[in-house]
Amino acid sequence: MPEKFTKWVACWGNATSITDRKEATYAKDLTLRYPIRACFSGSKLRFHFSNLTGTESVTISEAYVAKDSAAKDAPTKDAAQAENATEKNAPTPITFGGRTSGTIPAGEEILSDEIAFNVTAGETFDVSLYFADFTQMNAGTAITGPLSGGKYSYGNFAKAASLPDDLTRKTNWIYFLNTVDILTEEKNFALVCFGDSITAQDWPDYLTLRCAREGFNNVAIIRRAVSGTRILREYSCITYAAYGLKGATRFPIEMNVAGARAVIVQHGINDIIHPVGVEVNKFRPWSDMPTADDLINGVRTLYIMHARKLGLKVYSGTLLPIYGWRTYNENRDIIRIAFNTWLRTSPEFDGCVDFDMAVRGHDDPKRFAGGFDSGDHLHPSAKAYEAMAECVPEELLK
């Protein structure tokens, strides 16, 4: 009988960028736990860990994967069943070359061993990491959404079925864990969502939920997004370090996605809204302000050309309204509109996901539609993020 699971496909993923530079940048005796929703079934897992933006090596003292607490606590009919369930759901060590700990060199990424671990589509498993010694917490990214986030605890609880309430808090920062691959069926594939804070927030999660609801069961939505990033430039100061790496650096690294078939690129609004002049902010000169042609050439040479080398289809994502944002002016919007026109019409793409059309006002397209503005006139509301997920063409999900 032929093996059913023969193909590695990323089932969960985020970017790795520079964490916000606060007074404390080290942790010790810390457990991180991240829930991962399996979009399809498989028989093995492997885990990518990244210290891409770290300046010191990081050692994961222990790492485990286990069915989530709901699965562990599911009712059973008798003692024998309960014992079998406990054994079945016991934490499985994540190993590195056969060792139970792994070191991620500064500026690098590592891949775990392949771990035998049966997963059923729709269930959730937890990835728990423990850091015994002082650890530089430079490599991570913040994400939000109904499926996103994790927890951290003081102490070693990596093998515990549940984390202690008095020592645990929620977090939206994902440290070091970059991608989870599953050995699954040949028909399954990944769709990459690449961008900035708009994509680091909720719409990829809503797209995952839409796929489950509408029966698109063969696609995993992989998020590669960092708040504040730009296509053409990056900052070299600690104030804006968390805005991350520029597109030329990010894209080739973040397209390392097993089983990827296509990428949606929704990027460029920060290039337009950030410059304010050195008289206002020494790190945001007017010389950083791009033209529409600058953005077009950046997407063409940095994103499209590299994606084609990887055999990926490329879909553009239009930029959302910015009227009312604190640096808004008419010239910025002229650039956004011209760039959007190219994103909608260029034959260099395989298609366009018109996010702008999905969330803008009908009477005033420079603004968000009613109820679609989060309040800052740049980021959408939860309702608008759902609309963005709904506007993704079915051809990308089948």
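The values are calculated or read from the model by the stated rules, or taken from the named source; none is laboratory data. Everything numeric in this text was worked out from a predicted model, so none of it was measured. With ideal geometry, Cβ positions are generated from the backbone for all residues, glycine too; neighbour counts draw on all protein chains shown.
If you scan region 123-169, which residues turn out to be in contact (Cβ under 8 Å) with a residue 60 or more places away in the chain and among the basic types (Lys, Arg)?
151, 159
Can you list the helices (runs of 4 or more DSSP H) found entirely within region 295-398 that contain at least 3 residues being under 13 Å from residue 266 (Cα atoms)? Step through it out loud before you land on a result.
On the way: elements: 305-309, 330-345, 355-359, 382-390.
Counting at least 3 such residues, we get 330-345.
May I ask you to verify whether residue 281 is under 21 Å from residue 345 (Cβ atoms) and either without any contact (Cβ under 8 Å) to a residue 12 or more places away in the chain or not in a strand (DSSP E or B) (or both)?
Answer is no for this residue.
Does region 279-287 contain at least one residue that is among the hydrophobic types (A, V, I, L, M, F, W, C), modelled with pLDDT of 95 or more, surrounded by fewer than 21 Cβ atoms within 10 Å (Cβ to Cβ) and touching a helix residue (DSSP H, G or I) at 6+ places or on another chain (Cβ under 6 Å)? Spell out how you get there, then give the answer.
So in region 279-287, the residues among the hydrophobic types (A, V, I, L, M, F, W, C) come out as 280, 283, 286.
Restricting the remaining residues to those that are modelled with pLDDT of 95 or more gives 280, 283, 286.
When the remaining residues are screened for being surrounded by fewer than 21 Cβ atoms within 10 Å (Cβ to Cβ), the result is 280, 283, 286.
The next check asks that each one be touching a helix residue (DSSP H, G or I) at 6+ places or on another chain (Cβ under 6 Å); those that pass are none.
No.
Out of region 311-336, which residues are surrounded by fewer than 16 Cβ atoms within 10 Å (Cβ to Cβ) and not charged (D, E, K, R)? Outline the logic, then answer.
From region 311-336, those surrounded by fewer than 16 Cβ atoms within 10 Å (Cβ to Cβ) are 311, 324, 326-327, 329-331, 334; that's our starting set.
Correct list: 311, 324, 327, 329, 331, 334.
Does at least one position in region 95-102 carry a residue that is surrounded by fewer than 18 Cβ atoms within 10 Å (Cβ to Cβ), at pLDDT below 95 and either assigned to a loop (DSSP other than H, G, I, E, B) or among the acidic types (Asp, Glu) (or both)?
Checked against the condition, which is being surrounded by fewer than 18 Cβ atoms within 10 Å (Cβ to Cβ), at pLDDT below 95 and either assigned to a loop (DSSP other than H, G, I, E, B) or among the acidic types (Asp, Glu) (or both), region 95-102 yields at least one hit.
In region 233-255, is there at least one residue being touching a Leu at 6+ places or on another chain (Cβ under 8 Å) and under 20 Å from residue 327 (Cα atoms)?
For region 233-255, residues touching a Leu at 6+ places or on another chain (Cβ under 8 Å) and under 20 Å from residue 327 (Cα atoms): present.
Given the criteria more than 25 Å from residue 203 (Cβ to Cβ), under 23 Å from the mean Cα position of the chain (by Cα) and in the same structural domain as residue 349 (by TED's automatic domain parsing), does residue 277 qualify?
For residue 277, the condition - more than 25 Å from residue 203 (Cβ to Cβ), under 23 Å from the mean Cα position of the chain (by Cα) and in the same structural domain as residue 349 (by TED's automatic domain parsing) - is not met.
Quick grid of which residues meet (1) at pLDDT 90 or above; (2) surrounded by 17 or more Cβ atoms within 10 Å (Cβ to Cβ); (3) in a loop (DSSP other than H, G, I, E, B):
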site: 66; (1), (2), (3): yes, yes, no
site: 70; (1), (2), (3): no, no, no
site: 75; (1), (2), (3): no, no, yes
site: 81; (1), (2), (3): no, no, no
site: 84; (1), (2), (3): no, no, no
site: 110; (1), (2), (3): yes, yes, no
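Which of the numbered conditions does residue 91 fail, given that it passes all the others? Conditions: (1) crowded, with 17+ Cβ neighbours inside 10 Å; (2) at pLDDT below 95; (3) more than 25 Å from residue 249 (Cβ to Cβ); (4) not basic (Lys, Arg).
Among (1) crowded, with 17+ Cβ neighbours inside 10 Å; (2) at pLDDT below 95; (3) more than 25 Å from residue 249 (Cβ to Cβ); (4) not basic (Lys, Arg), residue 91 violates only (2).
Scan region 117-135 residue by residue and report those that are surrounded by fewer than 18 Cβ atoms within 10 Å (Cβ to Cβ) and closer than 17 Å to residue 60 by Cβ.
The answer is 132, 133, 134.
I'm told residue 120 meets every condition in (1) of a type outside the set (A, V, I, L, M); (2) in contact with a helix residue (DSSP H, G or I) (Cβ under 8 Å, 6 or more places away or on another chain); (3) outside the structural domain of residue 245 (by TED's automatic domain parsing); (4) more than 30 Å from residue 246 (Cβ to Cβ) except one. Can you identify the failing condition by its number?
Of everything listed in (1) of a type outside the set (A, V, I, L, M); (2) in contact with a helix residue (DSSP H, G or I) (Cβ under 8 Å, 6 or more places away or on another chain); (3) outside the structural domain of residue 245 (by TED's automatic domain parsing); (4) more than 30 Å from residue 246 (Cβ to Cβ), residue 120 misses just condition (2).
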